[in-house]
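Asks: Sending over a structure as structure tokens; questions will come in a sec.
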Amino acid sequence: MYVEQRTGSIPGIVFATIRHGAIVRTLSVKLARTLSGHYIAEMPNNTWSTECMTPESAILMHAALVFPVEIHDAPWLGNLKPVSPDSYITNLTPIPETMIAE
């Protein structure tokens, strides 16, 4: 999966063309820059991604949740094991607006 093209300004809405195998999609992704100079993307579930070094990496974090996952692309999904309830993240908090650089 990679970003073929992107247009738009950061911070703000960026339109990106993503290619994953034979599938091509154009997505709109809200990108922001943190005070440390890294890039974050608003995820489809209205949380922020982890900090990324490049805007393309942040866009791919968003795209990874949008594109369908195939077993041949992610073979570890073929060997599902139950996860203990203690390993789930229960408290996801969005990044405060004060930490996002303008």
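Asks: What are the residues whose amide H is under 5 Å from the amide H of residue 43, where those residues sit 5 or more places off or on another chain and H is modelled from the backbone?
Replies: For residue 43, the qualifying residues are 48, 49.
Asks: Can you work out ³J(HN,Hα) from phi for every residue in segment 25-32, in order, using Karplus 6.51 cos²θ - 1.76 cosθ + 1.60 and θ = phi - 60°, giving whole Hz and x for Gly and Pro?
Replies: Karplus-based 3J(HN,Hα) across segment 25-32 equals 9, 10, 10, 9, 10, 8, 10, 9 Hz.
Asks: Go through segment 45-52 residue by residue and turn each phi into a ³J(HN,Hα) via Karplus (6.51, -1.76, 1.60, θ = phi - 60°); whole Hz please, and just put x for glycine and proline.
Replies: Here the 3J(HN,Hα) series is 8, 6, 10, 9, 6, 6, 5, 10 Hz.
Every number in this text was worked out from the coordinates using simple rules, so none of it is lab data. Model, not experiment: these values are computed from the prediction.
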